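Colleague: What follows is a structure written as structure tokens; I'll ask about it next.
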Amino acid sequence: MDQMDPQGMDQQRRLLLAMAIMIPMALAYAWWTGRNAAPGAEQASVDAGAPAAVAQSGTTPGEVKAAPEHPTTPGTTPQSEEPPNEVKAVTLDRPAVTLIFSTKGAGLTSAVLKGEKTREHVKRGPIEGITDLFAKQREPAPPMDLAVPPDKETGDLPLGMAIKAPAGRDVAADAIYKVEQLEDGVHFTLHKAGYEIDKALTWAKGNDEDFKMTVRVKNVGADTAKGELQLVYPRAIDPTREEAGSFFGGVGNQSNVACLVSDDLLRLRPNDKPPEEKKGQVQFFGIDQQYFASALYPLDGPMEGRCEALAHEKVRRASAFFPLELKPGEERVFAFGGYLGPKDVDILGQAPERMTALGMKPAGEAGFGKTPYPHLDKLVDYGLWAAICRVLLGVLKFFYSLTHNWGVAIILLTLMVKVALVPLSVKALAGAEAMKKLQPKMEEIRKKYAEDRERQNMEVMKLYQEAKVNPAGGCLPMLVQVPIWIALFTTLRTSWELYREPFLSPVWTDLTFRDPTYLLPVAMGITWILTQRSQPQMVDPMQAKLMTYVMPSIFTVAMLNYPMGLSLYIATNNILTQVQQFFLKKYMAGKQPQDTKRDEKKTEAKKSGEKNERDAGKSGRRRERPT
């Protein structure tokens, strides 16, 4: 930026102060809010994988089947009711995930994802990062487990169920079921408290993220059963391994509880408060962990009920309750869709199509932005920057399709933005050159009105208006970039597509995590300082130091813990700025009016002539001196 008068310096001081305050605040808000297409599955029949007891019952999911003419005699226990079985574990090993079920609670005790990309974030400092550069073999990060039960002994398991009813007709979460392992799922059965319960979970070939869960409840008791069917998805948390996103902290791996009831999305972060409840049309519920999600939703559309969310330090739990009233002999089948996997926007958004391909019929659009039910794509939360983030992600995907490297895609994104901002950069540079030409006139005004500061400012503003110069115009290109930085930062810490993606291995192996070597942030800081030094400096030395050294240093310290993809973007932008400035100056020099060039040549000639005359005078005086 250029030299300027006191009024311009006052404006610039205010601008710099606003930038110094607003940019960190905006980045901090992005951290805070941030914490705020898969191949189709093979075709299957409507009852694919469902146990005979459910498929042949003749009951449509959600429908209550009428009681028989001769119900069970009051006060008697059905003959089919059996004592508890021993606790067993059943393993379902699929291509992308290994699932382990327990008969105690009929839920998951483990759901370990397979593959390098589905591993957890691991904190690594600069020593470990530099050591990895020379290590022959790096220790792999632990695989992601989407089903970590808080307490296996109590049967509080992910995908567990219970029946909440008056004493004697309730079924606890730790009930022990019989189990039958199917080719692509499991089938649990239980006879207890006057109920006949069948629970089946089935997957289709070629689709490891989506599954169907059917629950058939039949009243074989003597009296009417009235209560609620409860489905739970809890997750145990190790506080020493969980990290919340923060302004100067890590990227974060925090698990939140998510419930979409009617058109109200509840996303509960860790707290010490009692459970929060919402009543209405339950659309989905589950656990949302940064780049992964575990969710259940009524398969035939939103279902009347309530959702309860608990988010304590060591446990997160999403529970859904649905009314259940059965006369003796009546039965009801509940059908749910489920998702266990990465929070890929395309995969989540295509859940309805995949479930239809499985022979299931999820409802169409149902509120919440009119996106296709079950709205699982809402688990990807970009906050206020959603519009820009989705555009950036789309552009990055396009560049990735060409280069197959997300780091190169970020570099190409930077180049594209730089080219798009060329008109603004030309205008800023033209303003800088215009400010240079005004310096003599501004100096005259300062001398003329040295004792009248108000008149001085008025005359300078008049000069700016006549010359059509904006003293803060040189800062506009950087100010326009700030929203892009924040949106890219939000995209990096939210989008599964970029998670654990390398730029240059083995140095930079995860663009969404901080650079363990600190090389990229330091390079960003150095290039930023060089860029500022190459620009016209201000008269006020304090302002010049603030822009040239202080601001880049503050951002360098902040970037040490930010995703390395953002450091790569800003460092690339700094380098391109220097290249752009070099060529723009040459371009503008070539576009300079001929009259201005002639005036400059005359001025130079005049200065040269005056110098020659002075030299000649000195020579004459030397010759006139007596010997």
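Colleague: Using Cα-Cα distances under 8 Å and only pairs 6 or more residues apart, what relative contact order does the stretch 273-420 have, in percent? Present the calculation step by step, with values, prior to reporting the outcome.
Modeller: Numbers: 205 pairs, mean separation 28.8, N = 148.
In percent, rounded to a whole number, it is 19.
Colleague: Same structure again: Please give the charge dipole size of the stretch 253-336, origin at the Cα centre, charges +1 on K and R Cβ atoms and -1 on D and E Cβ atoms. Round to the nearest 20 debye. Before the final figure, lay out the partial values.
Modeller: Working: 11 positive and 13 negative charges, 58 e Å.
The calculation lands at about 280 debye.
Colleague: Do you know the Lys pair count in the stretch 157-261 for C-alpha distances under 20 Å, with sequence separation 8 or more or different chains?
Modeller: Total qualifying Lys-Lys pairs in the stretch 157-261 comes to 14.
Colleague: In Å², and per residue, what accessible area does the stretch 119-215 have when probed at 1.4 Å with the other protein chains present? Let's see the in-between values first.
Modeller: Numbers: 4310 Å² over 97 residues.
So the stretch 119-215 comes to 44 Å² accessible per residue, rounded to a whole number.
Colleague: Please sort 387-400, 278-291 by packing, taking for each peptide the average over its residues of neighbouring beta carbons within 10 angstrom, highest first. Intermediate values should be presented prior to the final figure.
Modeller: On the way: 387-400: 17.1, 278-291: 22.6.
The peptides rank, most packed first, as 278-291, 387-400.
The values are calculated or read from the model by the stated rules, or taken from the named source; none is laboratory data. Being a predicted model, the structure only gives us computed values, none of them experimental. All Cβ positions, glycine included, derive from the backbone under ideal geometry; neighbour counts span all protein chains shown. The accessibility values were calculated without ligands, DNA or RNA, using every heavy atom of the protein model including side chains. Shrake-Rupley method; radii C 1.70, N 1.55, O 1.52, S 1.80 Å.
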